[in-house]
Amino acid sequence: MSAEFQNINLTYLEQMTEGDRALERDMLNVLVKELQTEIPKMRGLQAAARWKELAEVSHRLKTSLNYAGNAPLSRVNADIEGIASQGSGMERLPALLAELERAIPAIVAELQAAIGRLPGKG
């Protein structure tokens, strides 16, 4: 299924679920929900200068982005986590968060398409 998409690569997720389509569906649903809620939360934390919390949310998002298989976005998220944790390079945060925000709709759409292609309930 992974080769059919431009913004995601589900190979890692498929390996981790070992062919369990129900588990794969559950994990994809969690990914969609998490990406739709955590990215806006990160922007709010950045605006409020709550760096420790921003680093924590970014750290939690790391696993989700790995499952979604978007390496460039994983690197952007790692940069966000590093900047928020270390307190240097803060001027880069708005652009990095904007990059996440721009990419997430296409990733979510492809994750939802992948869910739709799995057998069983949505």
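Tabulated data for the structure shown
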| quantity | calculated |
| --- | --- |
| Kirkwood Rh and Cα Rg combined as Rg over Rh, evaluated for the chain | 1.01 |
| Full-extension gain in nm, residue 99 to residue 56, via 0.36 nm per residue minus C-alpha separation | 13.6 nm |
| Residue of 88, 64, 74 that the Gaussian network model of the chain assigns the largest fluctuation, springs spanning Cα pairs under 10 Å | 88 |
| 5 angstrom amide H check on residue 69, placed H, neighbours 5+ away | 9 |
| Computed E for residue 6/residue 37 - FRET, C-beta separation, R0 25 angstrom, nearest 0.05 | 0.60 |
| Structure-based [θ]222 nm, the chain - -39500 (n - 2.57) summed over DSSP H runs of at least 4, per residue, nearest 500 | -26000 deg cm²/dmol |
| Simple Cβ-charge dipole of the chain, Lys/Arg +1 and Asp/Glu -1, about Cα centre, in debye nearest 20 | 260 debye |
| Around residue 64: net Lys/Arg minus Asp/Glu count, Cβ-Cβ under 12 Å | +1 |
| Additional length obtainable on full extension of the chain from residue 66 to residue 90, 0.36 nm per residue less Cα span | 6.2 nm |
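No lab work stands behind these numbers, since they all come straight from the coordinates. Keep in mind that this is a model prediction, so the values were computed, not measured. For neighbour counting, all protein chains shown are included, and Cβ atoms are generated from backbone atoms with ideal geometry for every residue, glycine included.
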